[in-house]
Amino acid sequence: MTEFSHIDSNTGKANMVDVGNKPDSTRTAIAEGFIKLSDVTIAMINENTIKKGDVLSISEFAGIMAAKKTSELIPLCHQLNLTKIDCSAQTENTGVRVTATSKCIGQTGVEMEALTAVSIALLTIYDMCKAVDKNMVIDGVKLIEKKKTNK
């Protein structure tokens, strides 16, 4: 049976993992997700005619802001000193694909920050387009890559 790292072996209760003895490493994570949109909505995004503003830019900023708040949103997630967050939203034939890269030098990974950036960017697109598209679907939020390089 697999042991869960966030479960105290004595009490069985959830606890934050102590990473204090781990050496600092350069850590990178890449995540992506997709929101399916109508042809009309995609055209409006490309023409920048959504009433709430520039959907792609605002969603990218929302993703960056969210990544910086990840430890406040997800219980037991460590607060990290992020060195870089990149969030990119691009229209495709059937919707918008969001990709986020998070980086830090630290003792634990940054995949939750990349996944949070993608999730909030997609939710921002949803919020900005909900008045014109009632059939949006957020799908495929996933971790693409997780990398650790020892110093």
Could you go through region 18-37 and let me know if any residue there is modelled with pLDDT of 95 or more and not in a strand (DSSP E or B). yes
Here are the criteria: (1) at pLDDT 95 or above; (2) assigned to a strand (DSSP E or B). Tell me which single one Thr149 does not satisfy. (1)
Could you tell me which residue of region 76-92 is surrounded by the most Cβ atoms within 10 Å (Cβ to Cβ), considering only residues that are β-branched (Val, Ile, Thr) and more than 17 Å from Leu143 (Cβ to Cβ)? Thr91
Val118 being at pLDDT 95 or above, β-branched (Val, Ile, Thr) and closer than 22 Å to Glu72 by Cα: yes
Only one of Gly95, Gly53 is in contact (Cβ under 8 Å) with a residue 60 or more places away in the chain and either surrounded by fewer than 12 Cβ atoms within 10 Å (Cβ to Cβ) or under 20 Å from Glu113 (Cβ atoms) (or both). Can you tell me which? Gly53
Can you list residue pairs whose Cβ atoms sit under 6 Å apart, with the first residue in region 111-137 being among the acidic types (Asp, Glu) and the second being surrounded by 20 or more Cβ atoms within 10 Å (Cβ to Cβ)? Count only pairs 6 or more apart in sequence or on different chains. Glu111/Ala29; Glu113/Ala67; Glu113/Thr70; Glu113/Ser102; Asp133/Leu37; Asp133/Thr41
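The values are calculated or read from the model by the stated rules, or taken from the named source; none is laboratory data. Quantities reported herein were computed from a predicted structural model and do not represent experimental measurements. Counting neighbours? That spans all protein chains shown, and the Cβs are built from the backbone with ideal geometry, glycine included.
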